[in-house]
Amino acid sequence: KACLENKALATYLAGEDEQYQRELTIISDLTAGLAQGQFHLEFQPKVNIQTNVCRDAEALIRWQHPDLGFIPPDEFIRLAEHSGNIGLVSEWVLQQAVVQIADWRKQGLELKVAVNLSAHDLLNLQLPTLIQDLLQQHQVPARALAIEVTEGAVMKDPQTVIAVLQVFKNLGISVAIDDFGTGQSSLAYLKVLPVNEVKIDRCFIQDMLYNQNDTMIVETTIALSHGLGYSVTAEGVEEQEGIAYLRERGCDVIQGYVYSKPLKANEFSNWLQAFNQ
Ligand code: C2E
Ligand code: CA
Ligand code: CA
Ligand code: CA
């Protein structure tokens, strides 16, 4: 029995070790990978369900690692945050997104693209200037860019983050609160956040048609957000029935597989032209 236990322990440790090695590899390869073109952005449509028009997208980062293959963003973003590299990732994403927006504008496509920022980015006082320079360099108006910050990131240091978000808003960049309902925020903060949009987290949307508690949360969040003057996006809608349901309840925008998964830039513009015509 002792032998079996030791074996189990050894297997467990080997697993831990493998996981540890993977994380070390991810952290140490990130910077070079960015420079070597292993990353790209995908774009997921955000559809206005009241008008049936799509003029917004969320940019989502993708990493195809030469040895590890596809690494989910959840995994490497968390590690980049812990290792202090997230600033590099965010700058890369912003740069790519602005270049893409400029490219689409040249083709006559006027889109607003949202980029995800981390808590750490919001404490980087250079960031607003960096973004302004990027926009100017590529002749992209601020209204073509949005940022998404999670409720959790706001709550790490609400006073500072509110001040920084106000700077973005003053520049004309839209601000969305991401993963709403999952980050232990207090309603007192929601009231004073300088944001344009609230994104209801997928965990409430998934079962809203079947689970009364989720139904209640979704309806209340829409009413609350509208009451405070924010637009509402439902994330992760997969079923056709979800569209009519959310439209009736006044939700403004849907982002989910029901319309499209995240797409490469050229696939996205094809999708968009077919959808909006
Ligand atoms: P998020 O910001 O909440 O992004 C939405 C996630 O939900 C994306 O996963 C998207 O592909 C997925 N999704 C959208 N619609 C559906 C649906 O109908 N069903 C399901 N099952 N999933 C749906 P993804 O791309 O894997 O990204 C995961 C998370 O990684 C993001 O969550 C965000 O927190 C982070 N992330 C992704 N790209 C970036 C980035 O450029 N910078 C930062 N800081 N974080 C990023
Ligand atoms: Ca997001
Ligand atoms: Ca989200
Ligand atoms: Ca999320």
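Couple of notes before you dig in:
- Computed E for Phe70/Glu238 - FRET, C-beta separation, R0 25 angstrom, nearest 0.05: 0.75
- Compared with the direct C-alpha span, the chain from Asn211 to Ala223 gains 2.5 nm at full extension, assuming 0.36 nm per residue.
- Per residue, the average separation of C-alpha pairs within less than 8 Å and at least 6 apart gives region 101-238 a relative contact order of 19 percent.
- For the pair region 231-277 and region 157-184, the centres of their Cα atoms are 24 angstrom apart.
- What the Cβ-Cβ distance of Tyr189 and Leu24 gives, at R0 = 35 Å and to the nearest 0.05, is a FRET efficiency of 0.40.
- Among Gln240, Gln44, Gln21: highest mean-square fluctuation, GNM of the chain, C-alpha pairs under 10 Å: Gln21
- Relative contact order (%) - region 1-122, alpha-carbon pairs under 8 angstrom, separation at least six: 23 percent
- Annotation: His82 carries an accessible surface of approximately 140 Å², with a 1.4 Å probe and no ligand, DNA or RNA atoms counted.
- Computed with a 1.4 Å probe over protein heavy atoms only, the accessible surface of the chain comes to 51 Å² per residue.
- Counted residue by residue at 0.36 nm each, then reduced by the alpha carbon distance between them, the extension gain from Arg78 to Lys7 reaches 22.4 nm.
- The chain, accessible surface, carbon-and-sulfur percent (1.4 angstrom probe): 50 percent
- Shown is the FRET efficiency for Asp133 and Lys264, computed with R0 = 25 Å from the Cβ-Cβ distance and rounded to the nearest 0.05: 0.40.
- Region 191-256: relative contact order in percent, alpha carbon pairs under 8 Å with at least 6 residues between: 36 percent
The values are calculated or read from the model by the stated rules, or taken from the named source; none is laboratory data. Here the structure is a predicted model, which means the values were calculated and not measured. Glycine gets a Cβ as well: all are built from the backbone with ideal geometry, and neighbour counts include every protein chain shown. Ligands, DNA and RNA are excluded from the accessible area calculation, which covers all protein heavy atoms including side chains. Shrake-Rupley method; radii C 1.70, N 1.55, O 1.52, S 1.80 Å.
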